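The values are calculated or read from the model by the stated rules, or taken from the named source; none is laboratory data. The shown structure was predicted, so the numbers you read here are calculated from the model rather than taken from an experiment. Reconstructed Cβ throughout: ideal geometry from the backbone, glycine too, with neighbour counts over all protein chains shown.
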Amino acid sequence: MYFFTEKTESYVREKLVQESLFQIGYNKTMSTPVITLGPKVMPAMAKKSGGLAKNKLNRIYEKDCIAFMDELSEKVLDVVVTSPPYNIHKNYSKYKDNKESGEYVEWMGMVAEKSKRVLKDNGSFFLNIVGAPSEPWVPFDVAKEFSKHFTLQNTIHWVKAIALPKDSTETKSNTNGLNGDISLGHFKPINTPKYLNQCHEYIFHFTKNGTVALDKLAIGVPYQHESNMTRWKTKSNKRDRGNIWFIRYENKQGAFAPIVHPATFPEKLPYLCVKLHGAGPETVVYDPFMGIGTTALACLRLGVSFLGTEIDPRYIKEAEKAILKRKTDLETSKSNGH
Ligand SMILES: C[S@@+](CC[C@H](N)C(=O)[O-])C[C@H]1O[C@@H](n2cnc3c(N)ncnc32)[C@H](O)[C@@H]1O
């Protein structure tokens, strides 16, 4: 322990003020001195968003996600949203999607553990995953591994394709706006009598303690009948969307587009997840498996910051092209007053 004389104390204080590390003011009655951070420190603080330097944000790093998370300070991210490799022999250009199943689940567990450290206490982790028809337990094994670190707060079903035959939608008095058999969305047909086509995937929503309040109406859907507003005593004409989300692939990565990446998700998926968590100007979103930048595009649309990691430089190049184009499009529509 050091003991300072009054003289040394006032010398140190003066020195710190001179060096602009601290500044001394007075409270409203001018009776008590108030010490605040000085001009040398304040700009450095201003350049940070939730503990992350702003110049490190809005970038995709060519790096292994685990190594990247190890370098981050703790509790700096609001949302992690991602679709990892599913271990189903997808033909990525660099990554080999065929780990031994125990090793794969363990690796996913490590992603969960590392993410927990860098996620804020009220953060959300949205994990999009599905198994192959012959390996149906994969998503559940991974979710179970995640549950060692997180609480499963919501299970969302991403419906990629759905058939609504007329006889299942209309009642005697109401066609519900559907005038025939309807089939929506895309799926990859499965050519075996054993398995049904896979028309959905999971989005597991994990949080640290299962109590994160969500902005449900931000992604709400309109009530079918306005009378429900009175019945449920709500002022909003929107209701909670529920946990079944129909999201179709946009054409760019749909059935007819050239395939630049074999396993992307549609932009609306991370968009809805981030909005549901709550999106503000200080929100920081991380996608550990960024692919060709879909999560980054969703973040640009939402006006939130993003961080991404991807081990394949080819995918990063595609992502950077898409990000640049999106920024230009957003600037153009802003200057056109939209
Ligand atoms: C399912 S894809 C994600 C696609 C992305 N959601 C999109 O829409 O473009 C998984 C990605 O993880 C990448 N990857 C695999 N191992 C990784 C690791 N250890 N760190 C970072 N990225 C990795 C793969 O190269 C692949 O692009």
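For the reader, a short list of remarks on this structure follows.
So that you can scan it fast, the table gives a plain yes or no per residue for (1) touching a strand residue (DSSP E or B) at 6+ places or on another chain (Cβ under 7 Å); (2) surrounded by fewer than 20 Cβ atoms within 10 Å (Cβ to Cβ):
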| site | (1), (2) |
| --- | --- |
| Phe265 | yes, no |
| Val274 | yes, no |
| Pro281 | no, yes |
| Thr294 | no, no |
| Leu307 | yes, no |
| Ile323 | no, no |
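- Selection count where residues are in a helix (DSSP H, G or I) and either more than 12 Å from the ligand (Cβ to nearest atom) or hydrophobic (A, V, I, L, M, F, W, C) (or both), scope the stretch 299-315: 4
- Where a residue in the stretch 125-145 is closer than 25 Å to Leu272 by Cα and touching a residue at least 60 places away in the same chain (Cβ under 8 Å) and its partner, wherever it lies, is surrounded by 19 or more Cβ atoms within 10 Å (Cβ to Cβ) and among the acidic types (Asp, Glu), with Cβ under 9 Å and at least six apart: Asn128/Glu201; Ile129/Glu201; Val130/Glu201; Pro139/Glu201
- Checking each residue in the stretch 120-132 for being away from the ligand (no atom under 14 Å from the Cβ) and under 19 Å from Pro270 (Cα atoms) picks out Lys120, Asn122, Gly123, Ser124, Phe125.
- Scanning the stretch 316-338 for residues that are within 16 Å of Tyr61 (Cβ to Cβ) and either near the ligand (Cβ under 9 Å from one of its atoms) or in a loop (DSSP other than H, G, I, E, B) (or both) yields Glu318, Ala319.
- Output for the stretch 77-119, where each listed residue is within 9 Å of the ligand (Cβ to nearest atom), in a helix (DSSP H, G or I) and in contact (Cβ under 8 Å) with a residue 60 or more places away in the chain: Val111
- Enumeration of residues in the stretch 157-186 that are free of Cβ contacts under 8 Å to residues at least 60 places away in the same chain and touching a Lys or Arg at 6+ places or on another chain (Cβ under 6 Å): Gly180, Asp181
- All positions within the stretch 210-245 that are part of a loop (DSSP other than H, G, I, E, B) and under 20 Å from Val274 (Cβ atoms): Gly210, Thr211, Val212, Ala213, Leu214, Asp215, Gly220, Asp240, Arg241, Gly242, Asn243
- Checking Ala279, Ala296, Ala263 one by one, the residue that is modelled with pLDDT of 95 or more and within 12 Å of the ligand (Cβ to nearest atom) is Ala296 and no other.
- Checklist (1) out of contact with any His (no Cβ under 8 Å at 6 or more places or on another chain); (2) touching a residue at least 12 places away in the same chain (Cβ under 8 Å) applied to Pro193, failing item: (2)
- Given (1) surrounded by 13 or more Cβ atoms within 10 Å (Cβ to Cβ); (2) under 22 Å from Gly131 (Cα atoms), index of the condition Arg241 fails: (2)
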